[in-house]
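A quick write-up on the structure given underneath.
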Amino acid sequence: MGDKPVLLDIFHAIPWFQQLSEDHLGLLADFSHLVEIPQGKDLFKEGDKEDFLYVVVNGRIAIEIFFPGRGRISIYTAEPMDVVGWSSVTPVVRQRTASARAVLDSRLIAMDAQALRRLCEGDCALGCVVMRRIANVVAQRLLVTRLQLLDLFANPGEQKIHA
Amino acid sequence: MPEIKLHLGSQVAIRKPVLDQVLGHLEKAGYQTIGPCIKDAALVYAPIGGLQDLPQGLISEQSGGSYRIKPSNNARYFDITPGAQSWKQFLFPPRSESFKLMKENGHWLEEGLSEDLPRYAFIGVRPCELAAIAVQDKVFIRSDFTDPIYKHRRERIFILALDCLHPGDTCFCASMGTGPTVESGFDIKLTELDDVFLLEVGSPAGLEAMQDLSVEAVDSRWLQASAAGRKAAANSMGRVLSDVASIPDLLINNLEHPRWKEIAARCLSCTNCTQVCPTCFCWDVEDATSLGGKNTMRTRVWDSCFNPAYSAQAGGNIRPNTASRYRQWLTHKMSTWRQQFGVLGCVGCGRCITWCPAGIDITEEIEAIRVDAKE
Amino acid sequence: MSDILLAPAKATREDVLIAPLWAEIVEITPEAEGVSTFWLAFKDKALAASYRFAPGQFNMVYLPGYGEAAISISSHPAKPERIGHTIRFVGNVTNAISRLRPGDTLGLRGPFGMPWPIADIKGRDVIIAAGGIGLAPLRPAIYHIIENRADYGKVTIIYGARAPGDLLYPREYDAWRKKGLEVLVTVDRGDENWAGQVGVVPILFYNLRVRPENSVILTCGPEIMMRFVVFESLARRVSQEHIFVSLERNMKCGQGFCGHCQIGPYFICKEGPVFHFGQLAPFFNVENF
């Protein structure tokens, strides 16, 4: 792909990909491509059966869930360096549980998740590094989600979790 | 008998009935004489006219959660150790008016408060109680802000203090360094022996109150009896609290000690201890308006850190259970108080032990926290 | 702590719990649902001219018949003729205040409390981390920093609220940015029109490059949020003495007498509400202390 040199440059600039060897980066680049999403457009929707792992390079991607009667509620935004669609790396989930929409003009790396999974299974050392990174992403998301769950700014009268 | 001229520091002896003349002088000088007396089978601090009002021939038997007044086998007047009341209620009244407002033409105007200018003469202040007043002086009279009610009353009181020669069963003033003898801070100091009162002049006001009394020189028998009595008292404390200097750090370093929960299983959070404690100072404000909305008044009332509402705020209660509230009280009294006011809040009077319905004894609890304590 | 911003003129005397001094509500600015800023001016002109406060301090605001509430001052410290109090309507007193109109009267006692140490942190990078109503007591500090911009290094505000409609003072963020402050905003949950970040305030630290030896953190918001802000600051090697939090407890007198606002040895109305974390570290994580 013509993107490859561009992709490698971006890989080198992202902490996420550090610790991987040049060979591994080359292999990843082979099944990655760049995606440009203009502001307001969806990257994917709830229920989509697409199988990509994304890393935000520029812009902002909102993770949204549709609430009948209230519209889409944004529950997280992925900033540059953040990962979107991390569940593709795990063997379980096969459809999107939330939508992802660009709220600013955005640029992302899209990695073929099936190819990534196969690569990790074949090369355990690489698999370990990738899974560790994914575990970090999930841990941070979980912390954010927990703090959101506590609804710290709710009025005392309506706080669901009482002090 | 040659005339004995009195001056500051003079020590003399008087036959006991002569004390009535001292009280008479005080009344003439405009003081309301308050002393220990028995009312409704309880020992209280109330206005007294003379010796006849004092609890002669009585002592108290005290222990955790128990107070009994019993006849003693002598005719002394001041043997009985204090009851639930302390002198705190006169300097820091349980209820007092802060301000009153009246609405006139849409504006709120301040109404004059009922003039309340008491001049109290405290008769029979024990060393622990004197120490407690000194502690509250530090709490209520400060360089940045002052409580006007406390300051006004404090400046006008007369203190007749007395050495405590018969400490009670829950007393531990010797451990706290606050007794059982009076060193300073009095207008007159009284030591009761079998035949006489020994009086020491502590101030010009004390001198005034002792004018024209029929006094005798203190002879060596009485001095010896007094000294022996004081020594015996120091060794007959009902309770001991050891190594007091280490307590502030002990408590603040063991905020998660299992003992707190154990105490909480017994503590009723009833607030008795804070009411009888002569140094506890927390208060609340009540704002009340007349039905027509034209008058409003703010009242200051005693509060307690054991009250569930004490630490409640929008968003929840910071101390929602007894364990946290008991811990607040004890760590404040015996630890953080020192950082706030330069002294500990406890004077070793033992009231909190006697008047606790569950009989919780802070000397015992502190020792229990020493077990398995963190450094 | 520097005294230069604490002025001698206060709306209170040396006595405790005396009647408050009267002020008129000159304006009410609705800020968010259940939150408005009440602009008060003392009726006594001499007092109005001499009253001063330092950023982080609070007044006891009195509504006759209802009682008092401790409210942080949220307006410009160099313009004290009209004192702004951003009030969240949560209890008896504040709900009664919510029904007042311009022209009505409120009583004031204050200012009380230890302020943000803005005079002591010149030359440093400042991170202001606020959540919800917590931005109110920090706004006077922000104004002071803007007024004296050259005295400070990199200044970043990270602020979050529950939803876009709950953000305080959103119309001012661009003005602050123009004065050289970085302003990052997040909400717990966003809507279709929100193009900003969705997440929590402590996560905004990941957007920052913190120089630990030269940074000072000023934080105010829900206690759990502040705990995580402290955690993220310590993780980035900022020392405890350079992390400042503003605490809140049930207050009755505001002058360090009634005992209600104590935490450990401190009266929050007297030694606080601003503390550096070193003061609180020994017991900050003790539950129900």
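The values are calculated or read from the model by the stated rules, or taken from the named source; none is laboratory data. Fair warning: this is a prediction, and the values are worked out from it, not measured in the lab. Here the Cβ positions follow ideal geometry from the backbone for every residue, glycine too, while neighbour counts run over all protein chains shown. Accessible surface areas use protein heavy atoms only, side chains included; no ligands, DNA or RNA. Shrake-Rupley method; radii C 1.70, N 1.55, O 1.52, S 1.80 Å.
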Exercise. Show the residues, 5+ positions off or on another chain, whose built amide H is closer than 5 Å to the amide H of residue C:126.
Key: C:153, C:154, C:155, C:156, C:216
Quiz item: Listed here are the pairs B:261/B:333; B:28/B:88; B:100/B:151; B:100/C:45; B:138/C:270; B:138/C:45; which of them are more than 27 Å apart at the Cα?
Solution: B:138/C:45
Quiz prompt | Interface burial for C against B (accessible surface, 1.4 Å probe, total of both chains, Å², rounded to 100) | solution = 3700 Å²
Quiz item: Relative contact order for region C:237-289 using alpha-carbon pairs under 8 Å, separation at least 6, rounded to a whole percent?
Solution: 40 percent
Quiz item: Solvent-accessible area per residue for chain C at a 1.4 Å probe radius, Å²?
Solution: 36 Å²
Quiz item: Dimensions of chain A along principal axes (Cα, Å, largest first)?
Solution: 58, 33, 28
Quiz item: When the Kirkwood hydrodynamic radius is evaluated over all pairs of different C-alpha atoms of region B:206-274, what value in angstrom, to one decimal, is obtained?
Solution: 17.9 Å
Practice problem: Identify the residues of region C:138-161 with backbone N under 18 Å of a label point that sits 7 angstrom from the Cα of residue C:224 along the Cα-to-Cβ direction, or state none. | Solution: C:160-161
Practice problem: Run the quick spin-label model on residue B:289 and residue C:234: label points 7 Å from Cα toward the beta carbon, then report their separation in nm to one decimal. | Solution: 4.6 nm
Quiz item: Sorting B:195, A:42 by accessible area (1.4 Å probe), largest first, what list results?
Solution: B:195, A:42
Exercise. Enumerate the amide H contacts of residue A:60 below 5 Å, restricted to partners 5 or more residues apart or on another chain; note that Pro and chain-start residues carry no placed amide H.
Key: A:103, A:104
Self-check item: region B:178-254 and region C:143-180: distance between their alpha carbon centers, rounded to Å
Solution: 64 Å
Quiz prompt | Rg to Rh, two decimals, where region B:80-168 supplies the alpha carbon set and Rh follows Kirkwood | solution = 1.11
Quiz prompt | DSSP bridge orientation in region C:193-281 - percent antiparallel, rounded to nearest 5 | solution = 60 percent
Quiz item: Who wins for biggest fluctuation among B:99, B:78, B:90 in a Gaussian network model of chain B, springs between alpha carbons below 10 Å?
Solution: B:99
Exercise. May I ask you to derive the FRET efficiency for residue B:183 and residue B:232 from their Cβ-Cβ distance with R0 = 22 Å, giving the value to the nearest 0.05?
Key: 0.75
Self-check item: Nearest-0.05 FRET efficiency for residue C:193 and residue A:19, computed from C-beta distance (R0 45 Å)
Solution: 0.65
Self-check item: Fraction of beta bridges assigned by DSSP in the protein assembly as shown that are antiparallel (%, nearest 5)
Solution: 75 percent
Exercise. Return, ordered by residue number, the residues of region B:145-160 whose backbone nitrogen is under 20 Å from a label point located 7 Å along Cα→Cβ of residue C:15.
Key: B:145-157
Quiz item: Ordering C:176, A:86 from largest to smallest accessible area (1.4 angstrom probe), what's the sequence?
Solution: A:86, C:176
Quiz item: Most mobile of A:94, A:146, A:117 per a Gaussian network model of chain A (Cα springs, under 10 Å)?
Solution: A:146
Quiz item: Long-range amide H contacts for residue A:43: which residues qualify at under 5 Å (H placed 1.01 Å from N, peptide plane, sequence gap of 5 or more or a different chain)?
Solution: A:100, A:101, A:102
Practice problem: Report ³J(HN,Hα) in whole Hz for each residue of region B:142-158, in order, from the Karplus equation J = 6.51 cos²θ - 1.76 cosθ + 1.60 where θ = phi - 60°; Gly and Pro get x. | Solution: 10, 6, 8, 10, 9, 7, x, 5, 4, 4, 4, 5, 4, 5, 10, 8, 10
Quiz item: Based on the Kirkwood radius over alpha-carbon pairs, what value in µm²/s does the Stokes-Einstein equation return for the translational diffusion coefficient of region C:1-116 at 4 °C and 1.567 mPa s?
Solution: 91 µm²/s
Practice problem: For every helix of n ≥ 4 consecutive DSSP H residues, a contribution of -39,500 (n - 2.57) applies; sum these over the protein assembly as shown, divide by its total residues, and give [θ] at 222 nm rounded to the nearest 500 deg cm²/dmol. | Solution: -7000 deg cm²/dmol
Quiz item: How about chain C: what cysteines have no other cysteine beta carbon under 4.7 Å from their own?
Solution: C:220, C:261, C:269
Practice problem: Express in % the proportion of alpha carbon pairs of region B:12-67 at distances exceeding 18 Å. | Solution: 44 percent
Quiz item: Rounded if a/c is under 1.5, else prolate if a/b is larger than b/c, else oblate: which is region B:192-313, with a ≥ b ≥ c the root eigenvalues of its Cα gyration tensor?
Solution: oblate
Quiz item: Shape of region B:1-105 from its Cα gyration tensor (a ≥ b ≥ c, root eigenvalues): rounded if a/c is under 1.5, otherwise prolate when a/b > b/c, or oblate?
Solution: oblate
Quiz item: Short version: ³J(HN,Hα) in whole Hz for each residue of region B:199-207, in order, from phi by Karplus 6.51 cos²θ - 1.76 cosθ + 1.60 (θ = phi - 60°), x for Gly and Pro, what are they?
Solution: 10, 10, 7, x, 6, x, 5, x, 4
Exercise. Please identify, among B:285, B:22, B:215, the residue showing maximal mean-square fluctuation in a Gaussian network model of chain B using a 10 angstrom Cα cutoff.
Key: B:285
Exercise. Excluding residues on the same chain fewer than 8 positions from residue C:178, give the aspartates and glutamates whose Cα lies under 20 Å from its Cα.
Key: C:125, C:147, C:151
Quiz prompt | Share of carbon and sulfur in the accessible heavy-atom surface of the protein assembly as shown [1.4 Å probe, %] | solution = 52 percent
Quiz item: Taking the highest mean first, how do the peptides B:171-182, B:101-112, C:79-90 order by number of other beta carbon atoms within 10 angstrom per residue?
Solution: B:171-182, C:79-90, B:101-112
Practice problem: With a ≥ b ≥ c taken as the square roots of the eigenvalues of the C-alpha gyration tensor of the protein assembly as shown, please select rounded if a/c is under 1.5 and otherwise prolate if a/b is larger than b/c or oblate if it is not? | Solution: prolate
Quiz item: What share of all Cα pairs of region C:94-181, in percent, falls into each consecutive 10 Å distance bin?
Solution: 14, 38, 32, 15, 2
Practice problem: Using a 1.4 angstrom probe on the protein heavy atoms only, line up C:220, A:124 by accessible area, largest first. | Solution: A:124, C:220
Practice problem: Report, in cubic angstrom per residue, the convex hull volume of the C-alpha atoms of region A:10-55. | Solution: 102 Å³
Practice problem: Summarise the partner chain shielding of B:295-306 as one whole number: the mean count of Cβ atoms from other chains within 10 Å of each residue's Cβ. | Solution: 3
Quiz prompt | For C:60-67, mean number of other protein chain Cβ atoms within 10 Å | solution = 5
